[in-house]
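Working notes for the structure below.
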Amino acid sequence: MNKPGFTKPGLIKLGLTGGIGSGKSTVAAALQEAGAAVVDADAISRSTTAPGGAAMPAIAQQFGPQFVDADGALNRNAMRELVFAKPEARLQLEAIIHPLVGQETARQTQAALDAGKKLVVFDVPLLVESAHWRDRVDRVLVVDCRVETQIERVMARNQLTREAVQAIIAQQASRERRVAAADMVIYNEGLSLEQLRQQAREIAHRFGL
C-alpha cells in the first residue's frame, strides 16, 4: 500500500486504536483540539441502534419486534442472548450495521475534506481486529500501556470487577498484535493527562497541524 508522507498535501487518514483503558479517547480529543477531524466509528455504530437509529427498521424486520425496546433502540440483552445461542446472528446484525457505518464514515470524511482539514482521525477500538480498516488509513497510531494498568483504570472508571475487565480485554487484540500493526505508538504509562495530550499534539504537529 502506498502511504503518503507526513507533509504531502491533501487529507491524511490516521487510524487511532488502543485497548480499553489505554487513554485512546484522551488522545483523540487532543488531536481534535489540535485541528484534526475525528470520526468515531464506535459512536457511529452505536447511533445506528439508538432510538430511531438507521439500523432499527432492518433489525426489527430481520430479528423480530422483540429485539426493539420500548424506546425504539436495540434490545441489547435480547440480542446478546441470541448471539450466544446462535453465533451466526452476529454476522446478520453486522451485515445491517456495517454498511450504515461505512456510509456515515464516508460522509464525515468528505465533510472534513470539504472543510480543508489536513488530517482525519478514525477512532476505531477494533481497528487491528477488523478485516478492512487497516487498508483504509494511511497511518496507524496505537495508544499502548500494560494490561495491569488497563485493568486498574477501567475498574476505577467503570466500577467493574477485575474479572469483568479481563473478559473485555480477552476479546480485544493483544498488545503485541496492536503494536505490530502500528506506524506510531504512544506508551501511556506513568504519564499525566497533560503529558499524554502533549504527545498527541506533537503527533498532530508532524502532520502539519
Added length on full extension, which subtracts the Cα-Cα distance from 0.36 nm per residue, E94 to Q195 = 32.6 nm
Using alpha carbon positions and the Kirkwood radius, the Rg to Rh ratio of region 1-109 is 1.07
Length released on extending from A111 to Y187, taking residue separation times 0.36 nm less the Cα-Cα span | 24.2 nm
Relative compactness, region 95-209, computed as alpha-carbon Rg over 2.2 N^0.38 Å = 1.21
Count of lysine pairs, the chain, Cα-Cα under 24 Å, sep. 8 or more residues or interchain, comes to 11
Based on the Cβ-Cβ distance of L209 and E152, what FRET efficiency does E = 1/(1 + (r/R0)^6) give at R0 = 30 Å, to the nearest 0.05?
-> 0.40
If you take all C-alpha pairs in the chain, what percent of them are over 20 Å apart?
-> 62 percent
Taking the Cα centre of the chain as the origin and placing charges on Cβ (Lys, Arg +1; Asp, Glu -1), which of N158, Q172, Q61 is farthest toward the positive end of the dipole?
-> Q172
So how far apart, in nm, are the two label points at E202 and Q166 if each is 7 Å from Cα heading toward Cβ?
-> 3.5 nm
Inter-part distance where region 171-198 and region 118-145 are each reduced to a Cα centre, Å = 12 Å
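None of the figures in this text is laboratory data; all of them are computed from the coordinates on show. All values reported here derive from a predicted model rather than from experimental measurement. When we count neighbours, we look across all protein chains shown, and the Cβ atoms used for this are built from the backbone with ideal geometry, even at glycine.
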